[in-house]
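Engineer: Take a look at this one; I'll ask things after.
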Amino acid sequence: MTFPKGFLWGGATAANQFEGGWDMDGKGPSVPDHIRGGTVSAPRLWDKQIDPEIYYPSHEATDFYHHYEEDIALYGEMGFKCYRMSINWARIYPTGMEETPNQAGLDFYHKVFAECKKYGIEPLVTISHYELPWGLSEKYNGWTGREVIDHFVRYATTLFEEYKDEVHLWLTFNEINCGVNFFGRILSLGMTGKDHQPMFNPNETEEEVSDRFTALHNQFVASAKAVQIGHRINPDNQIGLMIAGNMTYPYTCNPKDVRAAQDKMNMANWFCGDVQVRGHYPYYAKRYFRDNNINVRMEEGDEEILKNGTVDFYSFSYYMSQTATTDPEVAKSAGNMFSGVGNPYLKASDWGWQIDPEGLRIYLNEVYGRYEIPLMIVENGLGANDVRSEDGKFHDSYRIDYLRDHIRAMNEAVEDGVELMGYTMWGCTDLVSASTGEMKKRYGFVYVDRDNDGNGDMHRERKDSFWWYKKVIESNGEDLD
Ligand code: BGP
């Protein structure tokens, strides 16, 4: 086992799922603050007006806002080299439209970075992780509005300047490729539509699909501008993209299935990376837009901006793989997050996500072969319902098994020659699930006393995986037992 020296071992969280303090010290509401909790079978609904009688999981989340010292100390104890976190835009610009930033918001993250420094932890900051200030969402129908680009650029510039000496690793948008799908409409693009609707709503008109791709285009332009500004403010900044890693296999070797998988890989996985790494839309986009009557509103000069704002590295989340087929009978079987077809060779988590460590090695090789720029796994982990054992502890051996298998696969990819910067396990401290809004779906090395209805005193406890991961980091990935 050989991981490169300086490999960035660590964990990852996102402000809207972890921080809480949703209305504290001048923070404005953001889109997730309007989204209720749900389950795997009961969809999360979003409300235009926040109803004080209703429980919204992001409002307190698992309260990093008041526990950051303790949480980062635990990361220090595990030996983290890197902590991936996001800054909440509405904490810095409460409606997204102010001329000057909220000082209390800026101060909070200075304190967070100072704690990281204490333990020698390098922060990796996602500038926008599934949240848009509510003010911008309401005024412009989220990223559909071209104006949002300028608001984002002002926000990103503030961060690059303010944290110039504290942060050098940045990601512009979390899982930007979710915007290719209806799935990303609210979560990723802040386009809310009709009131009290499910967060994931597959029913879109042709016009709405065009708006969604326009919104995604606006994110591409905003990201490319931010990359250029970030490099100018500090040439040491490394700025990456972030993709929901979507490994799709053909269900059979029938060429029709192979083509279906290729098509899925193109649009659900490669499309955004092609724009952000290569600096232009891929060749297959034209036909996709034509066949689906999609009209993306672009402006003169955008091509130039995309060309000049390509990223320094490719980061991604990886949880599962899926298959594709054209056989309508097979297509009926259960899918997962990207509504793909089940793979009979794989087992699934309790939430139906198919576990595939080998797929991680394949994916790493595919991505590196295509772009030949450094890669980083910034999310990977197992969402599970952790139950306290009779001895009062959390023995999460299933999580250790999942992580061990993925780290082995990652190591194989490094041996294959893939240039990998690091690995930040998702949800290192328990936090709210993005897709279902549950607390019950836990990922952490650290348990947080909080349930689906908002009960619990938020105290933290180490699970077995905490001690295991500490050994993994100490041995630079050699000791996985
Ligand atoms: C990714 C998101 C994260 C995170 C993770 C796990 O898609 O970037 O925000 O939540 O998935 O998903 P979930 O919380 O739905 O289990």
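Engineer: Keeping every protein chain present and rolling a 1.4 Å probe, give me the accessible area per residue for the chain in Å².
Structural biologist: About 39 Å² of surface per residue is accessible.
Engineer: Could you rank the peptides 72-78, 447-453, 16-22 by their average count of other C-beta atoms within 10 Å per residue, with the highest value first?
Structural biologist: Highest to lowest by the protection proxy: 16-22, 72-78, 447-453.
Engineer: By per-residue mean of other Cβ atoms within 10 Å, what is the highest-first order of 405-412, 256-263?
Structural biologist: 405-412, 256-263
Engineer: Additional query: If one computes the Cα centroid of the range 184-201 and of the range 371-447, what distance in Å separates the two points?
Structural biologist: Their Cα centres are 27 Å away from one another.
Engineer: Looking at the square roots a ≥ b ≥ c of the eigenvalues of the Cα gyration tensor of the range 210-296, which shape do they give, rounded for a/c under 1.5, prolate if a/b is larger than b/c, or oblate? Mind showing how you got there, number by number?
Structural biologist: Numbers: a/c = 3.29, a/b = 1.72, b/c = 1.91.
In terms of gyration-tensor shape, oblate.
Engineer: Counting only Cα, what are the radius of gyration and maximum Cα-Cα distance Dmax of the range 253-329, in Å?
Structural biologist: Over the range 253-329's Cα set, Rg and Dmax evaluate to 15.2, 47 Å.
Engineer: So, one more: I'd like the carbon and sulfur percentage of the solvent accessible area for the chain, probe radius 1.4 Å, heavy atoms only, ligands and nucleic acids excluded.
Structural biologist: Working: 9020 of 18730 Å².
Accessible surface attributable to carbon and sulfur in the chain totals 48 percent.
Engineer: Let me ask something else about it. In nanometres, what is the gap between the two model label sites at residue 458 and residue 118, each 7 Å from Cα along Cα-to-Cβ?
Structural biologist: Label-label distance for residue 458 and residue 118, simple model: 1.7 nm.
Engineer: Can you tell me how much longer the chain between residue 5 and residue 139 gets when fully stretched, taken as 0.36 nm per residue apart minus their C-alpha distance, in nm with one decimal?
Structural biologist: Here the answer is 43.5 nm.
Engineer: A follow-up question, please. Taking H as built 1.01 Å from N, whose amide H comes closer than 5 Å to the amide H of residue 171, not counting residues under 5 places away?
Structural biologist: 125, 126, 127, 240
Engineer: Debye calculation, C-alpha points only, no solvent: report log10 I(q)/I(0) for the chain at q = 0.08, 0.11, 0.13, 0.14 Å⁻¹, in the same order as the q values.
Structural biologist: -0.43, -0.87, -1.30, -1.57
Engineer: Along the Cα→Cβ direction, 7 angstrom out, place labels at residue 449 and residue 95. What is the inter-label distance in nm?
Structural biologist: Inter-label distance under the simple model: 4.1 nm.
Engineer: If contacts are Cα pairs under 8 angstrom and at least 6 residues apart, what is the relative contact order of the range 124-207 in percent?
Structural biologist: 41 percent
Engineer: Something else: How much length is gained if the chain between residue 307 and residue 73 is pulled fully straight, taking 0.36 nm per residue apart and subtracting their Cα-Cα distance, in nm to one decimal?
Structural biologist: 80.1 nm
Engineer: Just from the alpha-carbon atoms, what are the Rg and Dmax of the range 1-141 in angstroms?
Structural biologist: When restricted to Cα atoms, the range 1-141 yields Rg and Dmax of 16.5, 53 Å.
Engineer: Averaging over all projection directions, find the projected area of the Cα convex hull of the range 343-460 and quote it in nm² with one decimal place. Provide the component values of the computation, followed by the final result.
Structural biologist: On the way: hull surface 35.1 nm².
Seen from a random direction, the Cα hull of the range 343-460 projects 8.8 nm² on average.
Engineer: Hey, any idea what the orientation-averaged projected area of the convex hull of the range 91-245's Cα atoms comes to, in nm²?
Structural biologist: Numbers: hull surface 38.5 nm².
In nm², the orientation-averaged hull projection of the range 91-245 is 9.6.
Engineer: Check cross-link reach from residue 347 to the lysines: straight Cα distance under 19 Å, and skip same-chain residues fewer than eight apart.
Structural biologist: Of all the lysines, those that pass the test against residue 347 - Cα under 19 Å, at least 8 places apart if same chain - are 332, 441.
Engineer: Please express the shape of the range 380-427 as an equivalent ellipsoid: the semi-axes are the square roots of 5 times the eigenvalues of the C-alpha gyration tensor, given largest first in whole angstrom.
Structural biologist: One finds semi-axes of 29, 10, 7 Å for the range 380-427.
Engineer: Quick one: Debye curve from the C-alpha atoms of the range 404-481, no solvent, what's log10 I(q)/I(0) at q = 0.15, 0.16, 0.22, 0.26 Å⁻¹?
Structural biologist: Each listed q corresponds, in turn, to -0.64, -0.71, -1.01, -1.19.
Engineer: For residue 376, what residues show an amide H to amide H distance below 5 Å, using hydrogens built from the backbone and excluding near sequence neighbours?
Structural biologist: Long-range HN contacts for residue 376: 314, 315, 316, 421.
The values are calculated or read from the model by the stated rules, or taken from the named source; none is laboratory data. Treat the numbers as computed from the prediction; the structure is a model and nothing was measured. Please note: Cβ atoms are built from the backbone with ideal geometry, for glycine as well, and neighbour counts cover all protein chains shown. Side chains included, ligands, DNA and RNA excluded: accessible areas come from the protein's heavy atoms. Shrake-Rupley method; radii C 1.70, N 1.55, O 1.52, S 1.80 Å.
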